[in-house]
Each structure stands twice: as C-alpha cells, then as structure tokens.
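Reading through the structure tokens given below for one structure.
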Amino acid sequence: MKFPALLVYAFTLAALGCAHRPAVVRTVIPLVPQPQELQQHSGDLTFAGKVSIEADTAAPNARRALDDVLGALQLANDDAAKPRIHLQRIDDAALGAEGYRIAIDDAIRLSAATDTGLFYAVQSLRQLLPAQAQAHYRLPQLTITDVPRYRWRGVSLDVARSFLPLSYLEKTIDRMALFKLNRLHLHLTDDQGWRIEIKHYPKLTEVAGASAVKGGRAGYYTQDQLRGLVAYAQARGVTIVPEIDMPGHVQAALAAYNELACEGVTNLSTYEGTEVGFSVLCLDKPDTVYPFVENVLKEVLAVFPSKKIHIGGDEIKHPRYAEFVTRAAAIVDGMGRTPIAWEEASVGDTKPDMLLQLWNDGYDIAPAVAKGHPLILSPCSYFYIDHGNYAGQPNTYDWCRKEGVPLPRIYAFDPTKFPTAVGIEGALWSELVHDNAAADNRLWPRLAAVAELGWTTTARRDYLGFTRRLAALRPHLDALGIGYYADPELGWSE
Ligand code: ACM
C-alpha cells in the first residue's frame, strides 16, 4: 500500500475507534488549499468508465480543464451516462471573481459566477479524484462553498540570474493552477542578465541576454513568446506580472548600453557574480535614463496586460533614489497601470495605490501601511524559497534564516498582521538555482503552503490537517512530473 492510502486508512480506523463513533466516517478530503466551507455527507458517488457533461458555454477555460481531467482518467463523455457533471455560471455576488460551489450527490454540480471560479471548482474536483485512471471511481458526497481570502496568491521566479525555458514556465503555470495560485511574477532583469526582447534596444538581448550567473543559464524570451505565455497563463487563471528591476540591479543593461552609466564608471562588463547593490542607472543623467525607462516600459506593457507592473527598486542607496521611484511610478501610472515596487520604494512620493512588496522581516512598513499602500507579503524568513527546505541544504542561501525555510515555517506565517495585504508571494531567486530540477526541488511542495496561506482563512488552517491533505495529493504531484523535495514532514522519502 502506498503511503497516502495507508494514511487515509489509518486515519479512518482512528475515527472508527473513537468511543463516540462519529455519524460520518472522516477520511482525509484531499484538498489544498482547504476550502472555506466543506460538509461531508454520508455515502459515496461511485462510477466507472464514463460520465455525461452539461456545461455552460460561457466557461471555456473551466470546460477545457474538465476535459483534461476526464481525459487523463479515461472517463468518456457519454450523454446517457451517470453521473452527470454540471458546469454552471450563476449569479452569486458572494462568490466574487474566483469563488465556487461544489455539490456531489448522485450528480456532480460545479457552479460559480465566473469562468475562473468554475476553473477552480474543476481543480478541486481534480484533487478529489485520483491522479491516475482507475477501473472504478468513488467520490465522497459533499458540499463545498469556497472563496479565496486573498486575491494575490503569487510565485516569483528570478529568470534573470539564471534563465528558465518557456516550457518550464508553462509547466509551473499548470502546477500553480492545481493549487489555485494566480500570479506569476517574472523577475526579468538583473545584474547578471536581461531576459525580455525590447525592440528599441536590441543589445539588451544580444549582449545582456547572453549573460548569466556563473553556472547558470543565459537566454531571453521574444515578445511573441511572452504573448503566448500570457495567453497560456490567462486560460489557467494566472496573471503574469513582469518586473523590470531599476534603478539598481542593472549591470547587464549597463554592459549593453554604456551611456546608461555615469561618466567615470569603468566596470561596464557583463557580470557572473552574486554580489548585489553595486550597479545603478545614472540618475544624474535624467535625459538619458528616463527616456530609457519609458521606452522599455512601453514595450513591456504592450506584451503584458497585467494591471500591476513591477519596477523593482530594491537594494540601492543613492541620493536621487526617491526621485527615481517617484518618476518611474508616475510613468507606469501615466500609462494606465499601477506600479509595484520593493519595500524600499516607500520613500518615494507616489500615489498610495502603488503596491509595495515586503521582503525584509524587520522592515518598518507601518508608515507605508498608514499611507494606504497595499502590500504583497514576501518576508524572506518565510517566503524566500531559494533558502533550504531544511537547514544546510546544499546550494541554498541562508542569509535571511540560517535554519532555512522549512514547510512548517511557511505555514506558521500570519498575514493578518498586515491590514493592507492583498496577498502573499513565494520567491525563488536563482543565484544558486541553475536548472529545472533545482527549481522544482525548491518550489515544491512549499508552494502548496503558500497557496493555502493565500486562499484559506486563519480559522480554517491547521498544520496537521494540511500535511495530511497534502500527503494524500502526492500522486497528483507525481502525475505532473514535479521533481519535488520528498519532505519527511509529509511522511515522504525518496
Ligand atoms: C530582494 O530580495 N532584493 C528583493
């Protein structure tokens, strides 16, 4: 017996063994994130081989996802077959843009106000079903009403230090969708590389796209490729949020276009090291720098429809830093979008709708919160998952937390301390993450904890239940081909 099945079995026996036998046998309902309301009823729905579908045509993404699930399970769509799966858009303001309901009795009823909500209902159904085709299927009879706690449930990938191929980004989006993660933040530029084609500045990809951190991968994405990725993500409920990191972290851009550096700067080569905070756009040459910022952002915004655009702003000390943030944020604002910047940008004179991304645990963000800035929460000792799955894991950083960032650490985070939080984001920096396998190992299963923090209210979360539900989903991670860290916290081993 594989471990998850054994776990479910043992847990069931434990429930049966209670002095006051519960009316309903409680097995693990393997849902991550935990839904807001879940009632299990007595009885199961059993079926084999085929189902029928009645689907609203106004939910094409949910329908495609359902067809994918049924295809993987070799369940044919036959109009005469039972059970019937209903996919229905309903007028229900309480569900918002992403909420959904599921009722499983002698039919399977999925309903939501939006295609995205129905897509998430399908993801929950997918988790309730096995990952591989079976001769017979058994679903618990239940009802679910589910809405996310936060609208921003993000993953940040640093493709600048070391490039990640487009196919890996698509895979990551597929995996995010299973856990209802909905923002993929791409850190597209840094000292070591520039990864997005900018037609106005071809040397950004010719020169800066060809460089990477030592041992890492170089490369870049064309605008057409990124447009394709945006569409791929949209069909799976994911918004891609681009970051152009400025005015620091720009050595690659300076190497491509030397005039962006101040006179007298002699180090204008591409960079393979891992230091930070040494490069800066020449803020004393506003007539050079701001047209560059504007031209780059114009092309970035034409590729990415995201309402929110990240302009970086981290790790640079300069007398004109606040002025830069103010002007760069105004440029994004003037283009009809909303800027995001790292926490340090709170010193700028920006509109209060600029989002700030918190990354240092001890940063005094209270004044920015008082001004009303929404926060994306990524404090490094919880959400920097380039840190180890365990203390001392090879090829991981530990500058923020020497014990690493293990699963229970992430889960213990309390987002309710931040009244203007729009959500949370796990960040994978790539100085030490040079291939897909390392990325998988750092991202999973920890992103499942990020997902539950972002989706589920504090009152509905508990770590033991989370580990049981996630452990039961291991076959789904396997079916997606994820090279996850086999975390002993979940009873897993290699
Ligand atoms: C950062 O880690 N420099 C945002």
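The values are calculated or read from the model by the stated rules, or taken from the named source; none is laboratory data. Everything quoted here is computed from the prediction, not taken from an experiment. Ideal geometry is used to build each Cβ from the backbone, glycine not excepted, and the neighbour counts take in all protein chains shown. Quick note on the areas: whole protein, heavy atoms, side chains included, nothing else; ligands and nucleic acids left out. Shrake-Rupley method; radii C 1.70, N 1.55, O 1.52, S 1.80 Å.
Picking from residues in region 287-341 that are in a loop (DSSP other than H, G, I, E, B) and among the small types (G, A, S), the one that is nearest to L375 (Cα to Cα) is G313. Tell me, please, whether a residue that is in contact with a strand residue (DSSP E or B) (Cβ under 8 Å, 6 or more places away or on another chain) and in a strand (DSSP E or B) can be found in region 390-413. Yes, some residue in region 390-413 is in contact with a strand residue (DSSP E or B) (Cβ under 8 Å, 6 or more places away or on another chain) and in a strand (DSSP E or B). Summed over region 485-494, the residues that are on the phi < 0 side of the Ramachandran plot and not in a helix (DSSP H, G or I) give a count of 6.
Looking at the structure I just gave you, is Y232 open to solvent by less than 30 Å² (accessible area, probe 1.4 Å) and either at positive phi or of a type in the set (S, T, Y) (or both)? So Y232 does not fit the description; no.
The helices (runs of 4 or more DSSP H) found entirely in region 415-484 that carry 1 or more residues being more than 18 Å from P130 (Cα to Cα) and modelled with pLDDT of 95 or more are 436-443, 446-455, 463-472.
Among the residues making up region 177-195, those that are of a type in the set (A, V, I, L, M, F, W, C), assigned to a strand (DSSP E or B) and either open to solvent by 20 Å² or more (accessible area, probe 1.4 Å) or in contact with a strand residue (DSSP E or B) (Cβ under 6 Å, 6 or more places away or on another chain) (or both) are L184, L186.
A quick yes/no check of all residues on (1) open to solvent by less than 40 Å² (accessible area, probe 1.4 Å); (2) within 16 Å of the ligand (Cβ to nearest atom); (3) in contact with a His (Cβ under 8 Å, 6 or more places away or on another chain); (4) farther than 20 Å from S378 by Cβ:
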residue: S279; (1), (2), (3), (4): yes, yes, yes, yes
residue: Y290; (1), (2), (3), (4): yes, no, no, yes
residue: V303; (1), (2), (3), (4): yes, no, no, yes
residue: S306; (1), (2), (3), (4): yes, no, no, no
residue: R320; (1), (2), (3), (4): no, no, no, yes
residue: V325; (1), (2), (3), (4): yes, yes, no, no
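For residues that are out of contact with any Lys or Arg (no Cβ under 9 Å at 6 or more places or on another chain) and surrounded by 13 or more Cβ atoms within 10 Å (Cβ to Cβ), tally how many sit in region 85-94. Number of matching residues: 1. Inclusion of L375 among residues that are of a type outside the set (G, A, S), free of Cβ contacts under 8 Å to residues at least 60 places away in the same chain and within 15 Å of the ligand (Cβ to nearest atom) is warranted.
Pairing each residue of region 98-113 that is under 11 Å from Q88 (Cβ atoms) with any residue that is open to solvent by 10 Å² or more (accessible area, probe 1.4 Å) and among the acidic types (D, E), provided the two are 6+ apart or on different chains, yields C-beta distances under 6 Å for A113/D92.
Among the candidates A448, A438, the residue that is of a type in the set (G, A, S) and without any contact (Cβ under 8 Å) to a residue 60 or more places away in the chain is uniquely A438.
Checking each residue in region 423-436 for being open to solvent by 10 Å² or more (accessible area, probe 1.4 Å) and away from the ligand (no atom under 16 Å from the Cβ) picks out H434, D435, N436. In this structure, W359 qualifies as within 16 Å of the ligand (Cβ to nearest atom) and touching a helix residue (DSSP H, G or I) at 6+ places or on another chain (Cβ under 9 Å). If you go through region 361-372 and keep only what is touching a residue at least 24 places away in the same chain (Cβ under 8 Å) and closer than 19 Å to R401 by Cα, you end up with just D361.
Conditions (1) without any contact (Cβ under 8 Å) to a residue 60 or more places away in the chain; (2) more than 16 Å from the ligand (Cβ to nearest atom), marked per residue:
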{"position": "H200", "(1), (2)": "no, yes"}
{"position": "A218", "(1), (2)": "yes, yes"}
{"position": "A235", "(1), (2)": "no, yes"}
{"position": "V241", "(1), (2)": "no, no"}
{"position": "Y257", "(1), (2)": "yes, yes"}
{"position": "E263", "(1), (2)": "yes, yes"}
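Scan region 30-37 and tell me whether some residue there is at pLDDT 95 or above and not in a loop (DSSP other than H, G, I, E, B). Scanning region 30-37 turns up at least one residue that is at pLDDT 95 or above and not in a loop (DSSP other than H, G, I, E, B). Within the bounds of region 60-70, is there any residue that is farther than 22 Å from P140 by Cα, surrounded by fewer than 18 Cβ atoms within 10 Å (Cβ to Cβ) and either touching a Gly at 6+ places or on another chain (Cβ under 7 Å) or basic (K, R) (or both)? Yes: one or more hits.
Just for region 192-207: of the residues that are out of contact with any Asp or Glu (no Cβ under 9 Å at 6 or more places or on another chain) and of a type in the set (D, E, K, R), which one is farthest from L169 (Cα to Cα)? So the residue we want is K203. Looking for whichever is farther than 29 Å from F304 by Cα, open to solvent by less than 10 Å² (accessible area, probe 1.4 Å), touching a Leu at 6+ places or on another chain (Cβ under 9 Å) and in contact (Cβ under 8 Å) with a residue 12 or more places away in the chain here; the options are I410, I385. Which one fits? Residue meeting the stated conditions: I410.
When V332, V347 are screened for being more than 12 Å from the ligand (Cβ to nearest atom), open to solvent by less than 50 Å² (accessible area, probe 1.4 Å), free of Cβ contacts under 8 Å to residues at least 40 places away in the same chain and in contact with a helix residue (DSSP H, G or I) (Cβ under 7 Å, 6 or more places away or on another chain), only V332 passes. For region 364-382, taking the residues that are assigned to a helix (DSSP H, G or I) and touching an Asp or Glu at 6+ places or on another chain (Cβ under 7 Å), the one that is surrounded by the fewest Cβ atoms within 10 Å (Cβ to Cβ) is identified as S381.
Taken as a whole, the structure places Y397 among residues that are within 16 Å of the ligand (Cβ to nearest atom) and open to solvent by 50 Å² or more (accessible area, probe 1.4 Å). Of all residues in region 41-48, one or more are among the acidic types (D, E) and loosely packed, with under 14 Cβ neighbours inside 10 Å.
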